[in-house]
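Taking it in order: structure first as structure tokens, then the write-up.
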Amino acid sequence: MQAEPVLLTGLIEACRATIAANSDHLCALDRAIGDGDHGTNMRRGCDAVSAEETQVSSMALPDALEQIGVTLVMSIGGAAGPLYGTLLMEMGRELRKPERNLDFSAALKQAIDAVARRGRSRVGDKTLLDVLYPVQDALANHSSFADIVHRAEFSASNTAAMRARRGRASYLGERSIGHVDPGASSCALLTMAICRYLEEHRPA
Ligand SMILES: [Mg+2]
């Protein structure tokens, strides 16, 4: 199984462009409850993946995802690097298992569980998990791309009502309430970028 080179390159570019366009917004969200670098960090990660898009596009899909994960860990840094990196690396590892039979939804569930273990967090802690699990649930229920995007955006905005229990924002305690989590926001943006791209490039 080879990653379809054009599709993967297009997805990488769609994610990079979306993060670049929203980098300032992500930094502003992070300034409110963290150290203000989430947009910059995510942008650096996307640029690093873009720089190797020709190389990863020639790989089998599981290998490509794992390589992208490694690159994200090394380039994003902060708290988000290991989390996004784990997500992609585990997706690759899961999809490599013959018994998964290319079931993206099941592989994504395993990968998100690995992110939860890596971050020692769970749903409701005001992290990217609060977007990832609802997105996976929508995918498992064969929701339309539009519905998945809506679910992601709604879930990200819901993190404003949560009190942070992980990461720098948790030091703020009650004062973290009222602010959208930057990681949840970048996760919703990436979900939107991926779904819109796939919708537009759906095979006829
Ligand atoms: Mg930060």
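The values are calculated or read from the model by the stated rules, or taken from the named source; none is laboratory data. Note that this is a predicted model, so its numbers are computed, not measured. Virtual Cβ from ideal backbone geometry, glycine too; neighbours counted across all protein chains shown. Calculation scope for accessible area: heavy atoms of the full protein, side chains included, ligands and nucleic acids excluded. Shrake-Rupley method; radii C 1.70, N 1.55, O 1.52, S 1.80 Å.
Some observations on this one:
- Heavy-atom accessible surface of region 55-173, averaged per residue, reaches 48 Å², computed with a 1.4 Å probe.
- Using the Stokes-Einstein relation with a Kirkwood hydrodynamic radius computed over Cα pairs, the translational diffusion coefficient of region 5-201 at 4 °C and a viscosity of 1.567 mPa s comes to 78 µm²/s.
- Rounded tilt (10° steps) of 5-33 against the dominant C-alpha axis of the chain: 0
- Cα-based helix-to-principal-axis angle, 61-76 vs the chain, degrees rounded to 10: 30
- Residue ranking by accessible heavy-atom surface, 1.4 Å probe, largest first, among 84, 171 comes out as 171, 84.
- For region 99-204, the ratio of Cα radius of gyration to the globular rule of thumb 2.2 N^0.38 Å stands at 1.13.
- Amide H contacts of residue 60 (H built 1.01 Å from N, in plane; Pro and chain starts excluded): 3 sit under 5 Å, all sequence-distant by 5 or more or on other chains.
- Take residue 96: with every protein chain present and a 1.4 Å probe, its accessible area is about 110 Å².
- Stretching the chain fully between residue 122 and residue 160 yields a gain of 12.1 nm (0.36 nm per residue, less the alpha carbon separation).
- For residue 27, solvent-accessible area (1.4 Å; no DNA, RNA or ligand), Å²: 10
- To the nearest ten degrees, helix 129-140 and the longest principal axis of the Cα atoms of the chain are 40 degrees apart.
- Average projected area [Cα convex hull, region 43-112], square nanometres: 4.3
- Rounded FRET efficiency, nearest 0.05, which uses the C-beta distance separating residue 31 from residue 199 and R0 of 35 Å: 0.60
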